[in-house]
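S.K.: Next up is a structure, given as C-alpha cells.
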Amino acid sequence: MIYDFNIEKNTIIGLNNLSVDYPYATALLTYAFIERILKFYIFRNRKNTILLDQSIDLKYYDTATCKLTNKKINGLVTLSDDEFIENVLCKNAIEKCEKLLKITNLKYSRPRNDLMHSNSLMIKNGYLEDIKRNSEHAKLKKISFKLLKEAFNEYITDFQISIKNDNIRVVM
C-alpha cells in the first residue's frame, strides 16, 4: 500500500499556514500527524513479525463481546483492514504505537504529552509571561517539526519531506 500524499496535503498546508502566527497550535497538530504516520506504518506492516514487537499488548475492541480487551499483534493480523483500523489502531495512542514499533525513550509521545499538558509553560506562581511563552511555543514547534521530519522519513518510504525556514516541503 502506497502512502497517498493527497490525504495529508491539507495537513501540510495547514501546518505551514499556522506555523508563524500559532506555533503552539502548529506543534499540537504536528503530533497528531506523527501519530497518523506511525499508525499508517503499523497498518501497512502489521503482518511483518520482524518490524513489530510481538510482546506488546494492544487494546482491541472485540465486537463479539462489545468489550475492550488486550491482545498481541499476531492475534490481530487476520482482521480485515477496516476492522484493524477501527478496533485496534483507533483504540491505541501514540505511546503504544512507539512500543509496537520498538521506538525507545518515548521519542514522540513524551514531547507530545509535555506539550498537550502545557508542562513546559507552567511555573510555580502561574504562567510564563507572554514573551517567554512565545519563545517557548516557537521552541516546541521546532522540536515537533524535527520529529515530524524524522518520523515521516523513517516510516513513509514513498517520498520524503524537508523543513526549511519553518516550511514543510514534500520531496518526491
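Residues are listed down the side, and each one gets a yes or a no for (1) in a helix (DSSP H, G or I); (2) of a type in the set (Phe, Trp, Tyr); (3) within 25 Å of Leu147 (Cβ to Cβ); (4) in contact with a strand residue (DSSP E or B) (Cβ under 6 Å, 6 or more places away or on another chain):
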residue: Thr11; (1), (2), (3), (4): yes, no, yes, no
residue: Gly14; (1), (2), (3), (4): yes, no, yes, no
residue: Ala27; (1), (2), (3), (4): yes, no, yes, no
residue: Thr30; (1), (2), (3), (4): yes, no, yes, no
residue: Ile37; (1), (2), (3), (4): yes, no, yes, no
residue: Thr49; (1), (2), (3), (4): no, no, no, no
residue: Asp53; (1), (2), (3), (4): no, no, yes, no
residue: Thr69; (1), (2), (3), (4): no, no, no, yes
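S.K.: Let me ask something additional. Scan the stretch 141-172 residue by residue and report those that are more than 20 Å from Phe43 (Cα to Cα) and of a type in the set (Ser, Thr, Tyr).
M.R.: Ser144, Ser162
S.K.: Does the stretch 106-122 contain any residue that is touching a Cys at 6+ places or on another chain (Cβ under 9 Å) and more than 26 Å from Ile12 (Cβ to Cβ)?
M.R.: no
S.K.: While we're on this one: Considering only residues that are in contact with a Phe, Trp or Tyr (Cβ under 9 Å, 6 or more places away or on another chain), free of Cβ contacts under 8 Å to residues at least 24 places away in the same chain and of a type in the set (A, V, I, L, M, F, W, C), which ones fall in the stretch 84-122?
M.R.: Correct list: Cys90, Leu121.
S.K.: Please enumerate the residues belonging to the stretch 73-109 that are among the aromatic types (Phe, Trp, Tyr) and in a helix (DSSP H, G or I).
M.R.: Listed by number, the list holds a single entry, Phe84.
S.K.: Still on this structure: Does any residue in the stretch 145-169 that is in contact (Cβ under 8 Å) with a residue 24 or more places away in the chain and surrounded by fewer than 18 Cβ atoms within 10 Å (Cβ to Cβ) come within less than 9 Å, Cβ to Cβ, of a residue that is part of a loop (DSSP other than H, G, I, E, B) and polar (S, T, N, Q) six or more places away or on a different chain, and which pairs are these?
M.R.: Sorted first by the residue in the stretch 145-169, then by its partner, the pairs are Asp166/Ser19; Asn167/Ser19.
S.K.: Which condition number does Ala25 fail, the rest of (1) surrounded by 15 or more Cβ atoms within 10 Å (Cβ to Cβ); (2) within 15 Å of Val88 (Cα to Cα); (3) without any contact (Cβ under 8 Å) to a residue 12 or more places away in the chain being met?
M.R.: Single failed check for Ala25: (2).
S.K.: Which members of the stretch 129-144 meet the condition of being of a type in the set (Val, Ile, Thr) and touching a residue at least 40 places away in the same chain (Cβ under 8 Å)?
M.R.: Correct list: Ile143 only.
Condition check ((1) under 27 Å from Asn119 (Cα atoms); (2) free of Cβ contacts under 8 Å to residues at least 24 places away in the same chain; (3) over 21 Å from the mean Cα position of the chain (by Cα); (4) loosely packed, with under 14 Cβ neighbours inside 10 Å) across all residues:
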{"residue": "Ile7", "(1), (2), (3), (4)": "no, yes, no, yes"}
{"residue": "Gly14", "(1), (2), (3), (4)": "yes, yes, no, no"}
{"residue": "Tyr31", "(1), (2), (3), (4)": "yes, no, no, no"}
{"residue": "Ile34", "(1), (2), (3), (4)": "yes, no, no, no"}
{"residue": "Ile42", "(1), (2), (3), (4)": "no, no, no, no"}
{"residue": "Thr49", "(1), (2), (3), (4)": "no, no, yes, yes"}
{"residue": "Ala64", "(1), (2), (3), (4)": "no, yes, yes, yes"}
{"residue": "Lys67", "(1), (2), (3), (4)": "no, yes, yes, yes"}
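S.K.: Would you please name the residue that is modelled with the lowest pLDDT, looking only at residues in the stretch 18-28 that are out of contact with any helix residue (DSSP H, G or I) (no Cβ under 6 Å at 6 or more places or on another chain) and farther than 11 Å from Leu115 by Cβ?
M.R.: Here is the first cut: in the stretch 18-28, the ones out of contact with any helix residue (DSSP H, G or I) (no Cβ under 6 Å at 6 or more places or on another chain) are 20-22, 28.
Those left that are additionally farther than 11 Å from Leu115 by Cβ: 20-22.
Values: Val20: 87, Asp21: 90, Tyr22: 91.
This residue is Val20.
S.K.: Only one of (1) assigned to a helix (DSSP H, G or I); (2) surrounded by 14 or more Cβ atoms within 10 Å (Cβ to Cβ) is not met by Lys59, so which one is it?
M.R.: In the conditions (1) assigned to a helix (DSSP H, G or I); (2) surrounded by 14 or more Cβ atoms within 10 Å (Cβ to Cβ), Lys59 misses (1) alone.
The values are calculated or read from the model by the stated rules, or taken from the named source; none is laboratory data. Predicted, not measured: the structure shown is a model, and the values here were computed from it. Using ideal geometry, Cβ is built from the backbone for each residue, glycine included, and neighbour counts are taken over all protein chains shown.
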